[in-house]
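Here the structure comes first, spelled out in structure tokens, and everything after it is commentary.
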Amino acid sequence: MTIQEIENQLVDEFAAFDDWLDKYDLILDMGKSLPPIDPKYKTDQYLISGCQSKVWLFAEYRDGKVYFTADSDAIITKGIVSMLISVLSGQAPDAIQSADLNFIDRIGLKEHLSPTRSNGLASMVKQMKLYAMVFKMKS
Amino acid sequence: MTIQEIENQLVDEFAAFDDWLDKYDLILDMGKSLPPIDPKYKTDQYLISGCQSKVWLFAEYRDGKVYFTADSDAIITKGIVSMLISVLSGQAPDAIQSADLNFIDRIGLKEHLSPTRSNGLASMVKQMKLYAMVFKMKS
Amino acid sequence: MPIDIQKVRADFPILSHTVYKRPLIYFDNAATTQKPLQVIKAISDYYENDNCNIHRGVHYLSMKATEAFEEARKEIREFINAPSTHEVVFTKGASESLNLVAASFGKKFLKPGDEVVTTIMEHHSNFVPWQIICEEKGAVLRVANILADGDLDTRHLYSLISEKTKIIALTHVSNVLGTINPLKEIIAHAHRMGVPVLVDGAQGVAHAKVDVSDLDCDFYCFSGHKMYGPMGIGVLYGKEKWLEELPPYQSGGEMVKDVRIERTTFNELPFKFEAGTPNVEGVTGLRAAVQYLKNIGMEEISLYEDRLLKRAVEGLSSISDMRFYGTAPEKASLVSFLIGDIHPFDAGTIIDKMGIAVRTGHHCAQPLIDHFGIPGTVRASFAFYNTADEIDRLTEAVSRVKRMFA
Amino acid sequence: MPIDIQKVRADFPILSHTVYKRPLIYFDNAATTQKPLQVIKAISDYYENDNCNIHRGVHYLSMKATEAFEEARKEIREFINAPSTHEVVFTKGASESLNLVAASFGKKFLKPGDEVVTTIMEHHSNFVPWQIICEEKGAVLRVANILADGDLDTRHLYSLISEKTKIIALTHVSNVLGTINPLKEIIAHAHRMGVPVLVDGAQGVAHAKVDVSDLDCDFYCFSGHKMYGPMGIGVLYGKEKWLEELPPYQSGGEMVKDVRIERTTFNELPFKFEAGTPNVEGVTGLRAAVQYLKNIGMEEISLYEDRLLKRAVEGLSSISDMRFYGTAPEKASLVSFLIGDIHPFDAGTIIDKMGIAVRTGHHCAQPLIDHFGIPGTVRASFAFYNTADEIDRLTEAVSRVKRMFA
Ligand SMILES: Cc1ncc(COP(=O)(O)O)c(C=O)c1O
Ligand SMILES: Cc1ncc(COP(=O)(O)O)c(C=O)c1O
């Protein structure tokens, strides 16, 4: 699926819920279903530190595609991370670099990606695009 | 005349005028008529410095009465000084110390004696009362 | 007269707002308080009628603004019972007041080997400035511990005081734990050792009557915005003998007496420490806030807020796995907690979605949070415009969070 | 579109006041400007709807206030055409911005024997901080002269620049003389010598379009209250490379990254320089002021104020014995004068009684006033809400003063 298709799917999933708490229930489920990161990457080197929750991010390059794994100490953050990974992992570097990820906004979670938000997610997206750029240059 | 009588006289004089500019004309006249201070007292030692206009003040003690002479580089300040001197000069230390000088307020010139006013007059009154106190102690 | 809560709430327009389609419950009062209409109106009135730069002007508006400014200083002197108005210095906030003392006191009095004593429960604003000046001067910062319930370990504090100690800097009330420190006892002890005491009153001044003369503290610092006044204004109270001795901090404007190319002499107190155009708006708003508080009565406020605290503690304690941080017997009206192992960010995000504003994280008191070895806490801090019903809604919200993350 | 003066005046409620039973004429704009309803309303709206402490909160109000704060930063970046928002630091005013740079730059870069170059026309806020830090560091303050008409003597200024010069600190516009300094030329010259330039823009920013990128200045400082915004808020623009190098000034709050008992690390720009709770109200009001100015147009404002100046100069020149201070060809909209030998305090007091607010004294520029050997000047400073008619009333008032003291 393309990035856009996965984004649309996510937006649809959230559209089913009206109440904010239900939406967050869904985010929690997504957080719990995030495949675990290899513990050896859960170190300071892979840490993206926000003010309040921590995010660890690792990326690999195989057959022209970038694969991300990640973790966080907060489950909501993990939920958002999980969505970002489902959208961007397994995509080509170019597609990742140009993704505008407006699904977060469409779902109504824009705040979580705001650079003034204290959870490191904005830096995480920056880091994901950086990985994509570096892999592209190397290939 | 007592301090109170002189104060009343001054208040009456000003009551004749309605317009502020006329009142200030009277102050200017008073400023011009202030007897000159002996030039040897127009030195830093006798200077009471406000922010904008300077006041020099000198006092003598004769026969149980305090006599003030003063000068200023601004004529309006001289006018107010002149009034203060006409009220306090030649009075006994006790009377000077207890004078509340509310004529300034009654004339509507209170601002000129406010400690936040930039003309040194508040400090001048303080200084006049200090002279009175010192003379009283010495006698 | 007990607080008429409906009347009080009507004074705070923001309290009738809704967020996420739910009525707003504002429990972030330790971060900043909301403003009554009386304060908002004082600000508009000031700009519509009296706005002017002050002190040196000889014209009408300038005299009026100067008078208003100095009247506000009197009102604030009275509010904290400072001996004299020239011991009341206006700053932009508690942080600036604290930085001012650390910088000026440090410049004048700290030498290599000297010590400054503080506590582990300080807000960064009363910690980092001392850390920096100590490093600059080769002095040592000694940090007093707390007990298990969040009370200051005064025995440890006292053991840190020696002939090397030049000043003690500690908070009146901890913004994380709520702990109210036994200032009178500490100050008396310090003075017997010849050591001055600076008090960070940012969390102290809005919740109970503060009397700096009775406390006998050497400095007391606070912010307008945490006591129902405007942002951008704060106060430094300092004993005259100290303020006279300290060198000026910032320079320019009203704080000089005589500026020559060769050398400058400084104005008298309090102007010596008030560089630049003063914030007349802020001072006017702060005065309105003080009048508002006086009208309600600080005793009534304390009583009312204590009742809110009691209800919150009772309600939240009924939930299992709650971990409370700060349970000292003398405690201001706030609760810091974690819900089992749930990350404070997770809890705060969900509680917010229920319309309740709580703060999460380290609350600018990282040494304290590190001491507990946790990522932060959820903090609900109460004001006299909060209601028992709102407290119950918090308890419900916390239960809901617990269920969601189970 | 030319300024619609009736419409503009209606925006400023204070302008319809009377003093001493005469309509208020406000000519003290260089001290502080009046505020349009748009700014006053932005402040009330903020407190009634959005008030909150910012940055670290995860709840609704805090996010909204944070966003408003950062949007304001963008707006101000654009207003002065700074390359990046993180080069825009909020302070409490120009004086604080200037003190910040003097203290932090001095701490890092000044050594014994170094020199700082400034001018004799500086406001105390851009003079005393340099004097103090130079004394502290054993550096020397060199002071450039002015020419007879009040223009900066740039040849003298240039002659003071040497390898010892670490920074030049000068004003954009003199608050006494009105002189607009040829910044582009001076900055280009300084940069060729490898010397950075700080500009005191307190009197520059409200009266003509300022473009810090075009000027290429290293620092630019100004106050909100002199540009129709609230008191208690100001700006420091600094080039990233400098701001990165300077050590933090005040500490506490948002400006730290990591606080350990042993050591603290600092946040990135601009937060590194913003200690304590930021003045969200002030920033919101300043944003409204900038939007108001943009709406009217800085070019229109300059043109209009130039016309007022021309009329004032013509009118006052028709009176004999007038002594003008500052007649440079490039001049902001203010006149400083003495009426023969009449003391400025005398003149100002009488002019005030005619309802006209002018400022008298040394205008916090004592070295300049001493240079002229006078007790001070009378200064009338104009804004775009003043009218030609008001200017004529000033001329009449001055004639009247002259007659009274004849
Ligand atoms: C205990 C304490 N001290 C100092 C401060 C700093 O106050 P401000 O940010 O208003 O300068 C705060 C609040 O943030 C506080 O809670
Ligand atoms: C040229 C100049 N610089 C600096 C300042 C200081 O500004 P503020 O008092 O707003 O800090 C002023 C105004 O007083 C000024 O006119």
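At-a-glance table
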{"read-out": "Chain D: most fluctuating residue of D:Lys35, D:Lys241, D:Lys226 per GNM, C-alpha cutoff 10 Å", "value": "D:Lys241"}
{"read-out": "Charge tally in the Cβ shell below 15 Å around D:Gln131, where Lys, Arg are +1 and Asp, Glu are -1, D:Gln131 excluded", "value": "-3"}
{"read-out": "Extension gain, D:Ile374 back to D:Lys108 (0.36 nm per residue minus Cα-Cα distance, nm)", "value": "91.9 nm"}
{"read-out": "Dipole magnitude (debye, nearest 20) for chain D, charges at Cβ of Lys, Arg, Asp, Glu", "value": "520 debye"}
{"read-out": "Cα→Cβ-extended label distance, 7 Å offset, between C:Glu314 and B:Asp100, nm", "value": "5.5 nm"}
{"read-out": "Listed residue (A:Ala59, A:Gly108, A:Leu21) projecting farthest to the positive dipole end of segment A:3-138, Cβ model", "value": "A:Ala59"}
{"read-out": "Euclidean distance between Cα centres, segment D:78-133 to segment A:1-74, Å", "value": "45 Å"}
{"read-out": "For chain C: rounded, prolate or oblate by the Cα gyration tensor [a/c cutoff 1.5]", "value": "oblate"}
{"read-out": "Distance from segment D:339-406 to segment C:209-266 (C-alpha centre basis), Å", "value": "33 Å"}
{"read-out": "Inter-chain Cβ neighbour average for residues D:389-397, partner chain, 10 Å", "value": "0"}
{"read-out": "Distance histogram in 20 Å bins (all Cα pairs of the protein assembly as shown, percent per bin)", "value": "12, 39, 35, 12, 2, 0"}
{"read-out": "Restraint check, D:Lys107/D:Lys272; C:Lys239/D:Lys137; C:Lys74/D:Lys41, Cα-Cα greater than 25 Å", "value": "C:Lys239/D:Lys137; C:Lys74/D:Lys41"}
{"read-out": "Copy-to-copy label separations for A:Lys32, where each label sits 7 Å from Cα toward Cβ, in nm and ascending", "value": "9.7"}
{"read-out": "Gaussian network model of chain A, Cα within-10 Å springs - most flexible of A:Ser98, A:Ser89, A:Ser123", "value": "A:Ser98"}
{"read-out": "Position D:Gly373, label points 7 Å along Cα→Cβ, spacing to each other copy in nm (shortest first, one decimal)", "value": "7.8"}
{"read-out": "Nearest-0.05 FRET efficiency for C:His191 and C:Lys294, computed from C-beta distance (R0 30 Å)", "value": "0.50"}
{"read-out": "Residue (of D:Ile186, D:Cys134, D:Ser162) at the positive-pole extreme of segment D:53-188, dipole from beta-carbon charges", "value": "D:Cys134"}
{"read-out": "Nonlocal amide H pairs with D:Asp28, under 5 Å, H built at 1.01 Å", "value": "D:Ser381"}
{"read-out": "Helix-derived mean residue ellipticity, 222 nm - over chain B, DSSP H n ≥ 4, -39500 (n - 2.57), to 500", "value": "-15500 deg cm²/dmol"}
{"read-out": "Size of charge dipole - segment D:243-298 - debye, nearest 20, with Cβ of Lys, Arg +1 and Asp, Glu -1, no other charges", "value": "160 debye"}
{"read-out": "Amide H partners (placed H, <5 Å) of C:Val19, local residues excluded", "value": "C:Leu24"}
{"read-out": "For C:Ser213, label point 7 Å along C-beta direction: distances to other copies, nm", "value": "5.9"}
{"read-out": "Partner lysines for C:Lys21 [C-alpha distance under 23 Å; skip if fewer than 8 residues away on the same chain]", "value": "A:Lys23, A:Lys110, C:Lys35, C:Lys353, C:Lys402, D:Lys64"}
{"read-out": "Distance in nm between pseudo-label sites at D:Asp153 and A:Ala122 (7 Å out along the Cβ direction from Cα)", "value": "5.1 nm"}
{"read-out": "Share antiparallel - DSSP beta bridges, chain D, percent rounded to 5", "value": "60 percent"}
{"read-out": "Translational D in µm²/s for segment C:154-230 (Stokes-Einstein at 10 °C, 1.306 mPa s, Kirkwood Rh from C-alpha pairs)", "value": "122 µm²/s"}
{"read-out": "Whether chain A is rounded, prolate or oblate, judged on the alpha carbon gyration tensor where a/c under 1.5 counts as rounded", "value": "oblate"}
{"read-out": "Chain D - mean residue ellipticity at 222 nm from DSSP helices (-39,500 (n - 2.57) per run, n ≥ 4, rounded to 500)", "value": "-12000 deg cm²/dmol"}
{"read-out": "For segment C:147-248, share of DSSP beta bridges that run antiparallel, in % to the nearest 5", "value": "45 percent"}
{"read-out": "Helix axis angle, A:75-88 relative to chain A longest principal axis, alpha carbon, degrees", "value": "60 degrees"}
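Readers should treat all values here as calculations from the given coordinates under stated rules, not as data from a laboratory. Remember, it's a predicted structure, so these values are computed and weren't measured experimentally. Ideal geometry is used to build each Cβ from the backbone, glycine not excepted, and the neighbour counts take in all protein chains shown.
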